[in-house]
1. What list of ³J(HN,Hα) values in whole Hz, one per residue of the range 55-67 in order, does the Karplus curve 6.51 cos²θ - 1.76 cosθ + 1.60 (θ = phi - 60°) give from phi, with Gly and Pro shown as x?
2. In whole Hz and in residue order, list the ³J(HN,Hα) couplings for the range 93-103 that follow from phi through the Karplus curve 6.51 cos²θ - 1.76 cosθ + 1.60, θ = phi - 60°; x for Gly and Pro.
3. So if we plug the beta-carbon distance of Glu67 and Asp104 into 1/(1 + (r/R0)^6) with R0 = 22 Å, what FRET efficiency do we get, rounded to 0.05?
4. Given a Förster distance of 30 angstrom, what is the FRET efficiency for Thr34 paired with Asp116, based on the Cβ-Cβ distance and rounded to 0.05?
5. Would you please name the trypsin sites (Lys or Arg not before Pro) within the range 58-97 that are DSSP coil residues with at most 14 other C-beta atoms within 10 Å of their C-beta?
6. Which whole-Hz couplings ³J(HN,Hα) result when phi for each residue of the range 107-113 is put into the Karplus expression 6.51 cos²θ - 1.76 cosθ + 1.60, θ = phi - 60°, listed in order with x for Gly and Pro?
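What follows draws every value from the coordinates through simple rules; no lab data is involved. These numbers were taken from a predicted model, which means no experiment stands behind them. Counting neighbours? That spans all protein chains shown, and the Cβs are built from the backbone with ideal geometry, glycine included.
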Amino acid sequence: MRSKSFGWIMAALLTCSGVELASAHHSFAAFDTTRQLTLTGVAKEFQWTNPHCWLYLNVTNGDGQTEVWQLEALSPNVLGRLGWKKNSVKPGDKVTVLVNPTRDGSHGGALISLTDANGNKIGGRN
């Protein structure tokens, strides 16, 4: 009886720790959600992949140098419900994005919304 209880307790602990790890994996903790940046640039690549989509954006900085920004979006499933499609952004498209920047100051962020050259806006995260 004692070893059965121990087995159940260990199974419960392992299950709970697995949930915590999964939660951390899908966390947006790397991003500063108290700040928002607006970036305008040219799409380098858009990856429609699980668990998160990615937009790589060429942005010209104040010195005239091109920086590649890595923008993490939600899953294809969620983005699809927000109006996105696999080909919503193509290489060469000029876009303006609203992002929560990374906490470490690297060229990255969590995508909030995207506006294309025609002024069409699609959401990404609230």
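1. For the range 55-67, the Karplus-derived couplings read 10, 9, 10, 7, 10, 8, 7, x, 8, x, 8, 8, 10 Hz, x marking Gly and Pro.
2. 5, 8, 9, 10, 10, 10, 9, 8, x, 5, 5
3. Using R0 = 22 Å, I get an efficiency of 0.90.
4. 0.65
5. Lys85, Lys86
6. With coefficients 6.51, -1.76 and 1.60, one gets 7, x, x, 9, 5, 9, 7 Hz.
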